[in-house]
Amino acid sequence: MANFGLSRPIIARFDAEKGTYSDVMKCGRAVNTSVTPNYNEAHLNADNMQVDEIVEFKNATVELGVDTIPVKAGEIMLGHKIGEDGAETSNTEDSGEYVGYGFITAERVNENTQYRACFLPKVKFREGAESYQTKGDSIQFSTPTLSGVALGNDKKDWRVKSPYLRTEKECDDWIMSQMGLGEKEPVPPAPEETEEDIV
């Protein structure tokens with residue numbers, strides 16, 4: 001298996017009490033993402049050697065780099081306030097909501113390109129650093145990065161991967177099915193978004 005592609009980061013508001021999802025949308029275009037599991041570990045030593053070990057899942061660190069963060073996604077994921085004129089205000093007491101986060105990878109399997117979706121049922125994101133610089137002799141892009149923590153849901157599932165599929169559309173449908181939204185219409189696009197940004 002060799003990964004060579006990443007696309008279509010999808011988020012949806014997660015109601016932890018009801019275990020339901022809403023406001024599903026594409027969160028910009030993917031630049032990079034990483035998911036790193038973290039564990040609690042305990043070791044028992046006796047007679048000058050390790051005789052037992054306990055390893056338990058704690059959480060997973062999530063990084064998401066995109067070309068842009070849609071305003072509606074920032075409101076849900078980061079808790080920013082959006083004014084009627086479209087102005088976005090970041091407050092010291094902002095707190096984003098839990099979201100479901102899915103994305104699609106392209107992989108080479110037996111010399112064939114196949115697609116696989118990954119879904120994290122419960123993630124809370126926070127804003128990363130933003131950097132800006134003036135234009136020089138060469139153009140350099142700067143893209144936003146979000147950091148988050150993935151937790152287990154009420155079933156203790158923290159990540160689900162699809163079987164290998166033939167198209168990105170099949171992966172989209174699979175992610176929607178994980179959120180129980182396969183038969184529901186997605187929310188309409190925000191003013192600054194296009195239909196491509198909505199699942």
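The values are calculated or read from the model by the stated rules, or taken from the named source; none is laboratory data. Here the structure is a predicted model, which means the values were calculated and not measured. Note that each Cβ is placed from the backbone with ideal geometry, even for glycine, and that neighbours are counted across all protein chains shown. With ligands, DNA and RNA removed, areas are computed over all heavy atoms of the protein, side chains included. Shrake-Rupley method; radii C 1.70, N 1.55, O 1.52, S 1.80 Å.
Work out the length of the dipole vector of the chain about its Cα centre, built from +1 on the beta-carbon of each Lys and Arg and -1 on the beta-carbon of each Asp and Glu, and round it to the nearest 20 debye. Mind showing how you got there, number by number?
Details: 21 positive and 35 negative charges, 95 e Å.
Computed charge dipole of the chain: roughly 460 debye.
Computed per residue of the chain from DSSP H runs no shorter than four, each worth -39500 (n - 2.57), the mean residue ellipticity at 222 nm is -3000 deg cm²/dmol.
For the range 11-73, the list of trypsin sites (Lys or Arg not before Pro) that fall in a loop by DSSP and count at most 12 other C-beta atoms within 10 angstrom reads Lys18.
A DSSP coil position with no more than 12 other Cβ atoms inside 10 Å describes the following chymotrypsin sites (Phe, Trp or Tyr not before Pro) in the range 113-174: Tyr132, Phe141. Between the range 75-92 and the range 137-157, the alpha-carbon centres lie 19 Å apart. Which one, Phe57, Val160, Leu78, projects farthest toward the positive side of the charge dipole computed for the range 22-168 from Cβ point charges (K/R +1, D/E -1)? About the Cα centre, the residue reaching furthest to the positive side is Val160.
What the phi angles of the range 9-26 give under the Karplus curve with 6.51, -1.76 and 1.60, with θ = phi - 60°, is a coupling list of x, 10, 10, 8, 4, 10, 8, 5, 6, 8, x, 10, 10, 8, 6, 6, 7, 7 Hz, glycine and proline written as x.
With the Cα gyration tensor of the range 76-143 giving a ≥ b ≥ c as the square roots of its eigenvalues, does the rule (a/c under 1.5 for rounded; else a/b larger than b/c for prolate; else oblate) give rounded, prolate or oblate? Oblate is the answer for the range 76-143, as a/c is 1.5 or above yet b/c matches or exceeds a/b.
Which sequence of Asp137, Asp23 reflects their accessible areas, 1.4 Å probe, from the largest down? Don't skip to the answer; put the middle values down first.
Numbers: Asp137 175, Asp23 40 Å².
Ranking Asp137, Asp23 by accessible area, largest first, yields Asp137, Asp23.
Computed from label points 7 Å out along Cα-Cβ, the spacing between Glu97 and Asp154 is 1.7 nm.
Within the set Lys81/Lys156; Lys72/Lys156; Lys81/Lys169; Lys26/Lys81, which residue pairs have Cα atoms separated by over 30 Å?
Beyond 30 Å between Cα atoms: Lys81/Lys156; Lys81/Lys169.
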